[in-house]
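Notes for the one structure printed next.
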Amino acid sequence: MTIGIIDSGLGGYSIFHALHQAYPNVAFHFLADQKNAPYGNKTALEIQTIATKNIQWFIDHDIHEIVIACNTMNAVALPILKERFPSVLFHEVVEPTIEQIPNDTKSILVVATKLTIQSEIYTKALRQRFPMMKIHATILPELVSMVEGMRSQEDMQTYIGQILSLESLSADALILGCTHYPLARPAFNQVFKQNIYDSIQVMVHRFKDKELLEGETKCFTTKDAIYAHIQVKELFQSDVEFTKIEVDHETDPRR
Ligand code: DGL
């Protein structure tokens, strides 16, 4: 069966790219909902509506196993998606990301979108696992747009440096709690000198022992197929064609 991967854009492409490299013959269909990016600055209800439509699109294409390659969707829509689509097998990113954190970590900085930080999904999960840990959680509201706009690492470093407090920068570890942020990894490496964790390789690991069906891989975007092609060529050196699709996000799916 084909495996779907969904995100608002390039963050999900990082996970798709890593999965495709690790399992080159497996059928993955990646959907970049770039028309609605950035997700993180919308409301939870908007993301629930958008996510429901996108999952329905996968189901209409006979895809029933889906990687939610998006922390924001994970944080504010996954419980509802599980309820609305009980037959779909969802793979989430937050828990696998946290599972990498070593037990002796005393303080941590989580950076993510507004919706992810406000949902406290990371803070609560970390608190449960590490009751004594000092947790800093910071929103980087412009970083997804900067990544999608292919801004330079220097620009992103300046932006990150302006927002993160000196105290948070001295934490033992940093979680990139948005799948877009690994694309600003060189910028983060300049401002944060301790260990940095993201969700890419852990998601690859998730599929290690699974029996995966061979098939065709395809990429879709809800915005501009030519621009998406240029983005992944520039950022991943991938020569991948995107197909533009329409997903009707306007109507309330519960009606
Ligand atoms: N890459 C997604 C995430 O992990 C969505 C970012 C956005 O569109 O704001 O949160």
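Listing for the model above:
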read-out: Any pair with Cβ under 7 angstrom, 6 or more apart, that starts in region 168-190 at a residue that is within 16 Å of the ligand (Cβ to nearest atom) and ends at one that is part of a loop (DSSP other than H, G, I, E, B) and among the hydroxyl-bearing types (Ser, Thr, Tyr); value: Cys178/Thr113; Thr179/Ser199
read-out: Tally of residues being closer than 14 Å to Ile55 by Cβ, within 16 Å of the ligand (Cβ to nearest atom) and of a type in the set (A, V, I, L, M, F, W, C) across region 1-29; value: 2
read-out: Members of region 7-27 that are surrounded by fewer than 24 Cβ atoms within 10 Å (Cβ to Cβ) and not in a helix (DSSP H, G or I); value: Tyr23, Pro24, Asn25, Val26, Ala27
read-out: The listed residue being crowded, with 21+ Cβ neighbours inside 10 Å and of a type in the set (Asp, Glu), out of Asp198, Asp172; value: Asp198
read-out: From the options Ile163, Ile108, Ile139, residue that is within 20 Å of Gly12 (Cα to Cα) and hydrophobic (A, V, I, L, M, F, W, C); value: Ile139
read-out: Qualifying residue in region 210-219 (condition: crowded, with 18+ Cβ neighbours inside 10 Å and either at pLDDT 95 or above or among the basic types (Lys, Arg) (or both)); value: yes
read-out: Matching helices (runs of 4 or more DSSP H) fully within region 30-100 where at least 1 residues are basic (Lys, Arg); value: 44-60, 78-84
read-out: Residue match in region 80-93 (condition: within 13 Å of the chain's Cα centre (by Cα) and touching a residue at least 40 places away in the same chain (Cβ under 8 Å)); value: yes
read-out: Selection from region 44-64 of residues that are of a type outside the set (Val, Ile, Thr), within 13 Å of the ligand (Cβ to nearest atom) and touching a residue at least 60 places away in the same chain (Cβ under 8 Å); value: Ala44, Asn54
read-out: Filter result (closer than 22 Å to Ile66 by Cα and touching a strand residue (DSSP E or B) at 6+ places or on another chain (Cβ under 6 Å)) within region 214-242; value: Thr217, Lys218, Cys219, Phe220, Thr221, Ala225, Ala228, Val240, Phe242
read-out: Filter result (closer than 18 Å to Asp33 by Cα, of a type in the set (A, V, I, L, M, F, W, C) and assigned to a helix (DSSP H, G or I)) within region 198-234; value: Ala225, Ile226, Ala228, Ile230, Val232
read-out: Any chance Asp7 is more than 20 Å from Glu148 (Cα to Cα) and among the acidic types (Asp, Glu); value: no
read-out: Unmet requirement for His205, which otherwise passes all of (1) within 16 Å of the ligand (Cβ to nearest atom); (2) under 17 Å from the mean Cα position of the chain (by Cα); (3) of a type outside the set (S, T, N, Q); value: (1)
read-out: Check on Asn41, within 14 Å of the ligand (Cβ to nearest atom), in contact (Cβ under 8 Å) with a residue 24 or more places away in the chain and crowded, with 17+ Cβ neighbours inside 10 Å; value: no
read-out: So Thr243, is it at pLDDT 95 or above and buried (at least 17 other Cβ atoms within 10 Å of the Cβ); value: no
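Residue-wise test of (1) in a helix (DSSP H, G or I); (2) surrounded by 14 or more Cβ atoms within 10 Å (Cβ to Cβ); (3) touching a residue at least 40 places away in the same chain (Cβ under 8 Å).
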{"residue": "Asn103", "(1), (2), (3)": "no, no, no"}
{"residue": "Ile108", "(1), (2), (3)": "no, yes, yes"}
{"residue": "Val111", "(1), (2), (3)": "no, yes, yes"}
{"residue": "Ala125", "(1), (2), (3)": "yes, yes, no"}
{"residue": "Met132", "(1), (2), (3)": "no, no, no"}
{"residue": "Ser145", "(1), (2), (3)": "yes, yes, yes"}
{"residue": "Glu154", "(1), (2), (3)": "yes, no, no"}
{"residue": "Gln162", "(1), (2), (3)": "yes, no, no"}
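The values are calculated or read from the model by the stated rules, or taken from the named source; none is laboratory data. Treat the numbers as computed from the prediction; the structure is a model and nothing was measured. Glycine gets a Cβ as well: all are built from the backbone with ideal geometry, and neighbour counts include every protein chain shown.
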